[in-house]
Amino acid sequence: MRVFVALLIALVCSIVSAQVPERGARIDSSSAYKLGAGDVISIKVFGEDDLSRDRVKVSDAGTVPYPVLGELRIRGRTVGELEKLITDGLRGRYLVNPRVAVTVEEYRQFFVNGQVEKPGGYAYQPALTVGKAISLAGGLKERASQNKMFIVHEDDPTKAKNKVNMNSEVLPGDVLSVEESFF
């Protein structure tokens, strides 16, 4: 019986240790948010205050200055990819086992125009829908059409107008247009 219990404990310990991430590893790097010009980020290198940066705005060129690595091109990268880029750049030459965390402090704007009460640019918020974006813009005007709403995505090189509904996703840099109804 003791042998059975010992084997059971050994099995459970091996399963648990296989599921625990290594020190410094990100548990959730699955965020699909792509960084871009206008985002404000903070970079934290644990135990290395001189390598940490608070509230750095991503330039129009999609770069941020970083002390020992120079200008980092980050446009189109996720937070997890940026953390890996900085970690790999610091490992070896500067630090033995760097631990890096990047956070988005402010997201870049999206824009709403057309038949809304307050057209303009608004700060992006995760899980933003067309309905929420219109609410931020003061709601629809009386003559607004809920069937003629279009989004142009910032990262679409063709700048095609995509027809959307109230539940469609809005991304940073998107331009949402609400057209007028004729009836």
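Any read-out appearing in this document is the output of simple, stated calculations on the displayed coordinates, not a laboratory observation. Please read these numbers as outputs of a predicted model, since none were measured by experiment. Here Cβ is always computed from backbone atoms with ideal geometry, including for glycine, and neighbour counts include all displayed protein chains.
Numerical summary
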quantity: Spin-label pair Asn165/Ser59, simplified geometry with 7 Å Cα→Cβ offset, distance in nm; calculated: 4.4 nm
quantity: Full-extension gain in nm, Lys148 to Ala101, via 0.36 nm per residue minus C-alpha separation; calculated: 12.7 nm
quantity: Sorted by Cβ density within 10 Å, fewest first, the residues Phe182, Phe46, Phe110; calculated: Phe182, Phe46, Phe110
quantity: Partners for Lys44 among lysines (Cα-Cα distance below 26 Å; same-chain residues under 8 apart left out); calculated: Lys34, Lys57, Lys84
quantity: For the range 151-157, 3J(HN,Hα) per residue [Karplus equation, 6.51 cos²θ - 1.76 cosθ + 1.60, θ = phi - 60°, Hz, x = Gly/Pro]; calculated: 10, 10, 7, 4, 8, 8, x
quantity: Protection proxy ranking, peptides 32-44, 67-79, average beta carbon neighbours within 10 Å, highest first; calculated: 32-44, 67-79
quantity: Relative contact order [Cα under 8 Å, 6+ residues apart], the range 109-180, whole percent; calculated: 43 percent
quantity: Local net charge near Ile134, Cβ-Cβ under 11 Å (Lys/Arg +1, Asp/Glu -1); calculated: +2
quantity: Arg93-Asp156 FRET efficiency (beta carbon distance; Förster radius 35 Å; 0.05 resolution); calculated: 0.35
quantity: Two-site label geometry, Ser42 and Glu81: point separation in nm, points 7 Å out along Cα→Cβ; calculated: 2.4 nm
quantity: Surrounding net charge for Val40, when Lys and Arg each add one and Asp and Glu each subtract one, Cβ distance under 9 Å; calculated: 0
quantity: Whole-Å distance, taken between Cα centres, linking the range 79-139 and the range 45-66; calculated: 15 Å
quantity: 18 Å Cα-Cα reach of Lys132 towards lysines, excluding residues that sit fewer than 8 places from it in its own chain; calculated: Lys118, Lys141, Lys148, Lys163
